[in-house]
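The numbers here are math on the coordinates, done by the rules we state, and not lab data. These numbers come from a predicted model, not from an experiment. All Cβ positions, glycine included, derive from the backbone under ideal geometry; neighbour counts span all protein chains shown.
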Amino acid sequence: SHQLPTIHVIPHAVEDFRKIPDRTTARKRLRWNPKHRYILCFGFLTAQKGVDQLIQLWEPIKNTHLIL
């Protein structure tokens, strides 16, 4: 009889969250000021994503933070 190989899956560095925190709890854990706005850019920084253009065009806005 032919036996299939065993397959093991290794997640791509992603944490398995058992309980997703609510917005208030997440902001406290990240130490984010609730009066500020945060803009997040996720993923690998590659040329085709245009992150360099985003940075060049970014104009600081009071109480707004760009996080890459």
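Pulled fully out, how much extra length does the chain show between residue 36 and residue 54, if you take 0.36 nm times their separation in residues and subtract their Cα-Cα distance?
That pair, residue 36 and residue 54, stretches by 4.5 nm at full extension.
Report, by chain and number, residues whose modeled amide H sits under 5 Å from the one on residue 38, excluding near sequence neighbours (fewer than 5 apart, same chain).
Those lying under 5 Å, H to H, from residue 38 are 65.
If Lys and Arg each add +1 and Asp and Glu each add -1, what is the summed charge of the other residues whose beta carbon sits under 13 Å from the beta carbon of residue 63?
+3
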